[in-house]
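Participant: Sharing a structure here in structure tokens format.
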Amino acid sequence: MIIGICGYGFTGTGAVFSLLKEYSRIRCLPGKRDDIEFTISYMPDGLEDLEYHLCRNFVKGISSDTAIYRFQLLVRDLERSHNRFTQNRFKRLSYDYLDSLIQVRWQGIRTFEYDRNRAALIRYSRLLRSYLSTRLKRCGFNAALFPFHERYLSVEPKDFQHKTKQYMAKLLGPIPPGEALLLNQPFSTNNPQHSMRFFEDPRCIIVDRDPRDLYIMAKYVYGPSAMFIPTDSVENFITYFVNVRKSLQTHDSRILPVRFEDLVFCYEETVSSIEDFLGLSPDQHQNRKRHFQPEDSIQNTNIFGKYAQEEAAIKKIEQELAEWLYPFQKSAGSGDGKNLARFTFM
């Protein structure tokens, strides 16, 4: 079984990830960073984009060639981090996977990339080189002046999903019967079913938190690392918050939504629901509270109560995002965010 812990960005996925590390028969990726984000299935130019351009909306020979080329670039970007858990085989396994999908390859011109990404001067240079090459050929010289690249064609390759599952299995390694592999962010949070198709026996836990705390922490606590969340105006934050969540469908029995605050204030009940969802027994919780201590994480909740200067913004969030608010009890107090670095994976 593959267990994916997914969130929207600083919503507390690290808390659930740390909790599940306390169970026997659940293992993480090897290496010093067992919480590395494994996002290749859905990130731009990843597996979902590759499937779209090869299998769903191919355009002549352009779309598959460009999609394969961009996937290669993504592999190069991820190689260093992903070599840690693939015994330095990430690039080779990825290129072998692409080889199984490519139907034709040849030396040619990647026109689309040049037209889109190069400056006007280089495009004019291309035209000049083409003109000179043609003139030389007429004079009996076979000179290729324009830079050629290996091009690829793959249109509706057979067994794309099966081959992709095999690729994922090779990257992640064998999982012994009765055990589970814990991954950080392997599925897209807003549409996890789409990327879960590339894994054998997947389970997804989606973690969210009170939007008032998220707004305050993104604006005042996390600094530049949270600048993907708009906090320049509360109106922009509200629009962002709603839109990245509106397409989520949780009727799938393989998906469990979890509130970060519930794991803190309703620890026993929430742990029990996670165990039921994953088929775990309480006896397997052998390192209880070794990695996740709800008593410490309470400081990461109800943060907004300490920022009086944002009172108007908080009231607007409460009006517009009422269905996402957590019912904090008065006895809960206000946190100060001192332990935010521990349990706030993306």
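Participant: Somewhere in the range 301-321, is a residue crowded, with 19+ Cβ neighbours inside 10 Å, more than 23 Å from Ala180 (Cβ to Cβ), polar (S, T, N, Q) and touching a residue at least 40 places away in the same chain (Cβ under 8 Å)?
Facilitator: yes
Participant: Show the residue pairs that are 6+ apart or on different chains and have beta-carbon atoms under 7 Å apart, the first residue being within the range 63-87 and among the charged types (D, E, K, R), the second being in a helix (DSSP H, G or I).
Facilitator: Within 7 Å, the pairs are Glu79/Phe90; Glu79/Lys91.
Participant: Inside the range 19-40, can you point out the residues that are more than 16 Å from Phe187 (Cβ to Cβ) and either of a type in the set (A, V, I, L, M, F, W, C) or surrounded by 21 or more Cβ atoms within 10 Å (Cβ to Cβ) (or both)? Lay out the reasoning, then the answer.
Facilitator: The initial filter retains those residues of the range 19-40 that are more than 16 Å from Phe187 (Cβ to Cβ), namely 19, 21-28, 30-34.
Correct list: Leu19, Tyr23, Ile26, Cys28.
Participant: Additional query: Kindly establish whether Ala169 is surrounded by 19 or more Cβ atoms within 10 Å (Cβ to Cβ) and either among the charged types (D, E, K, R) or farther than 21 Å from Pro44 by Cβ (or both).
Facilitator: On the way: surrounded by 19 or more Cβ atoms within 10 Å (Cβ to Cβ): no; either among the charged types (D, E, K, R) or farther than 21 Å from Pro44 by Cβ (or both): yes.
Here the answer is no, as Ala169 does not meet what is asked.
Participant: Which of the residues belonging to the range 274-300 are surrounded by 14 or more Cβ atoms within 10 Å (Cβ to Cβ), free of Cβ contacts under 8 Å to residues at least 24 places away in the same chain and in a helix (DSSP H, G or I)?
Facilitator: Listed by number, the list holds a single entry, Glu275.
Participant: Scan the range 50-62 for residues that are surrounded by fewer than 18 Cβ atoms within 10 Å (Cβ to Cβ) and either free of Cβ contacts under 8 Å to residues at least 40 places away in the same chain or under 15 Å from the mean Cα position of the chain (by Cα) (or both) and report the count.
Facilitator: Of the residues in the range 50-62, 5 are surrounded by fewer than 18 Cβ atoms within 10 Å (Cβ to Cβ) and either free of Cβ contacts under 8 Å to residues at least 40 places away in the same chain or under 15 Å from the mean Cα position of the chain (by Cα) (or both).
Participant: Tell me, please, whether a residue that is over 30 Å from Glu179 (Cα atoms), in contact (Cβ under 8 Å) with a residue 12 or more places away in the chain and crowded, with 17+ Cβ neighbours inside 10 Å can be found in the range 223-230. Please lay out each step first, then the result.
Facilitator: Filtering the range 223-230 down to residues over 30 Å from Glu179 (Cα atoms) leaves 223-230.
Remaining after also requiring in contact (Cβ under 8 Å) with a residue 12 or more places away in the chain: 226, 228-229.
Filter again for crowded, with 17+ Cβ neighbours inside 10 Å, leaving 226, 229.
Within the range 223-230, one or more residues are over 30 Å from Glu179 (Cα atoms), in contact (Cβ under 8 Å) with a residue 12 or more places away in the chain and crowded, with 17+ Cβ neighbours inside 10 Å.
Participant: Only residues that are modelled with pLDDT of 95 or more, among the small types (Gly, Ala, Ser) and touching a helix residue (DSSP H, G or I) at 6+ places or on another chain (Cβ under 7 Å): list them for the range 293-331, please.
Facilitator: Matches in the range 293-331: Ala313 only.
Participant: Is it the case that some residue within the range 249-266 is assigned to a loop (DSSP other than H, G, I, E, B), closer than 23 Å to Thr189 by Cα, aliphatic (A, V, I, L, M) and at pLDDT 95 or above?
Facilitator: As a first pass, look at the range 249-266 and keep what is assigned to a loop (DSSP other than H, G, I, E, B): 249-254, 266.
With closer than 23 Å to Thr189 by Cα added as a condition, the list becomes 249-254.
Adding the requirement that they be aliphatic (A, V, I, L, M) leaves none.
The answer is no, given that none of the residues of the range 249-266 is assigned to a loop (DSSP other than H, G, I, E, B), closer than 23 Å to Thr189 by Cα, aliphatic (A, V, I, L, M) and at pLDDT 95 or above.
The values are calculated or read from the model by the stated rules, or taken from the named source; none is laboratory data. Quantities reported herein were computed from a predicted structural model and do not represent experimental measurements. Quick reminder, even Gly has a Cβ in these numbers, built from the backbone with ideal geometry, and neighbours come from all protein chains shown.
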